[in-house]
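The values are calculated or read from the model by the stated rules, or taken from the named source; none is laboratory data. This structure is a prediction, so every number in the text was calculated from the model and none was measured. Using ideal geometry, Cβ is built from the backbone for each residue, glycine included, and neighbour counts are taken over all protein chains shown.
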Amino acid sequence: MRIDLHTHSTASDGTDTPAELVRNAAAAGLDVIALTDHDTTRGHAEALAALPGAGRPLTLVTGAELSCAVGGIGLHLLGYLFDPDEPELLARRELLRDDRVPRARAIVAALRELGAPVTWEQVARIAGDGSVGRPHIAAAMVEEGVVPTVSDAFTAEWIADGGRAWVAKHELDPFTAVRLVKAAGGVAVLAHPAAVKRGRTISDSTIAELAEAGLDGLEVDHQDHDEPTRARLHGLAAELGLLTTGSSDYHGSRKDIPLGYFTTDPEIYGEITRRATGAFPVPGAGGSPLPKA
Ligand code: AMP
Ligand code: ZN
Ligand code: FE
Ligand code: FE
């Protein structure tokens with residue numbers, strides 16, 4: 001079983017539509033993927049509809065990656081298998097997603113001040129109906145020849161955290177986010193908790209407090225963690241009784257990491273599905289879901 005629990009589609013800042021993502025995951029030989037767009041579940045319906053035509057049995061785990069911050073440090077919380085209609089979490093997702101629009105407009109204005117000729121119309125076209133984010137703005141910067149690649153936009157000079165044209169977005173307190181995900185029957189996993197290249201990361205003691213507050217796991221096997229960091233996080237998770245997951249954090253052509261780059265242990269996946277009560281993994285044609293305990 002090959003299980004990839006963190007992917008993005010055009011519902012946020014990935015480049016595959018949800019249907020393309022499902023087909024690509026099947027073609028990559030995956031058995032399970034989680035669709036975890038930033039602050040939205042809007043891609044789920046299309047992904048679910050694409051399962052029967054995927055070409056091989058593929059199980060979809062519904063989820064989202066929620067933007068959070070604590071003490072000025074940004075972090076991402078992966079919520080899996082929560083009830084998408086639970087009103088409080090739904091309202092928070094809408095707030096997070098809707099606030100991205102004025103924030104992206106402010107980043108565009110700051111870029112223009114700095115002489116980068118990107119426009120909001122261009123960014124809006126690139127984002128389409130997806131939850132708009134910095135990768136869309138970075139793509140516009142590439143189009144205008146401001147930077148050669150999307151990642152070159154993520155520097156202090158441009159739109160990295162704290163960068164010259166960076167503007168904060170609305171973010172949830174992670175303790176609130178964990179509570180909301182759990183209250184909606186979901187499972188909460190901290191995404192890339194030690195991804196230092198993205199900026200400051202939270203301390204082990206904050207992770208311990210989140211574990212105390214109901215956090216289920218840590219995403220340990222991720223491209224932004226080097227080998228010593230992964231070893232350290234495996235140790236921390238064991239100490240705190242947290243599950244450990246692995247994923248690609250696939251963004252289509254906007255990043256060069258392929259689907260299934262890292263994967264999650266089937267036993268841990270089984271435990272995630274057993275803990276979830278808000279939604280269930282949806283098996284594609286011929287697939288078989290893991291039994292619920
Ligand atoms: P936003 O959610 O709008 O603040 O944008 C953050 C997203 O940008 C992250 O979730 C990543 O997908 C992407 N990102 C962050 N840092 C980099 C980087 N150095 N290179 C490419 N993409 C990045
Ligand atoms: Zn992203
Ligand atoms: Fe993330
Ligand atoms: Fe992600």
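Based on this model, can you work out whether Leu114 counts as farther than 13 Å from Thr7 by Cβ, surrounded by 24 or more Cβ atoms within 10 Å (Cβ to Cβ) and either of a type in the set (Phe, Trp, Tyr) or out of contact with any His (no Cβ under 9 Å at 6 or more places or on another chain) (or both)? Against the criterion (farther than 13 Å from Thr7 by Cβ, surrounded by 24 or more Cβ atoms within 10 Å (Cβ to Cβ) and either of a type in the set (Phe, Trp, Tyr) or out of contact with any His (no Cβ under 9 Å at 6 or more places or on another chain) (or both)), Leu114 does not qualify. Of all the numbered requirements in (1) within 16 Å of ligand 4 (Cβ to nearest atom); (2) modelled with pLDDT of 95 or more, Gly241 misses one, and that requirement is (1). Take the residues in the stretch 253-274 that are within 16 Å of ligand 3 (Cβ to nearest atom) and of a type in the set (Lys, Arg), then tell me which one is farthest from Thr10 (Cα to Cα). Step by step, filter the stretch 253-274, then rank; the result is Lys255.
Could you list, in sequence order, the residues of the stretch 150-165 that are outside any loop (DSSP other than H, G, I, E, B) and away from ligand 4 (no atom under 16 Å from the Cβ)?
Passing the criteria: Asp152, Ala153.
Within the stretch 214-233, the only residue that satisfies the criterion of being exposed (fewer than 15 other Cβ atoms within 10 Å of the Cβ) and under 14 Å from Val189 (Cβ atoms) is Gly214.
Of the residues that sit in the stretch 87-98 and are touching a residue at least 12 places away in the same chain (Cβ under 8 Å) and surrounded by 16 or more Cβ atoms within 10 Å (Cβ to Cβ), which one is farthest from Asp13 (Cα to Cα)? Out of the qualifying residues, it is Leu89. The residues listed here are Gly162, Gly79, Gly133, Gly128; of these, the one that is in contact (Cβ under 8 Å) with a residue 24 or more places away in the chain and in contact with an Asp or Glu (Cβ under 6 Å, 6 or more places away or on another chain) is Gly133. Filtering Pro84, Pro57 for residues that are buried (at least 17 other Cβ atoms within 10 Å of the Cβ), part of a loop (DSSP other than H, G, I, E, B), assigned by TED's automatic domain parsing to the domain that holds Ala184 and not basic (Lys, Arg) leaves a single hit, Pro84. Just one residue in the set Val22, Val101 is crowded, with 24+ Cβ neighbours inside 10 Å and more than 16 Å from ligand 4 (Cβ to nearest atom); that residue is Val22.
With respect to the conditions (1) more than 15 Å from ligand 4 (Cβ to nearest atom); (2) surrounded by fewer than 23 Cβ atoms within 10 Å (Cβ to Cβ), Gly74 falls short on a single one, namely (1).
Residues in the stretch 194-204 that are within 16 Å of ligand 2 (Cβ to nearest atom) and either of a type in the set (Gly, Ala, Ser) or in contact with a strand residue (DSSP E or B) (Cβ under 7 Å, 6 or more places away or on another chain) (or both) were compared, and the one that is farthest from Phe82 (Cα to Cα) is Gly199.
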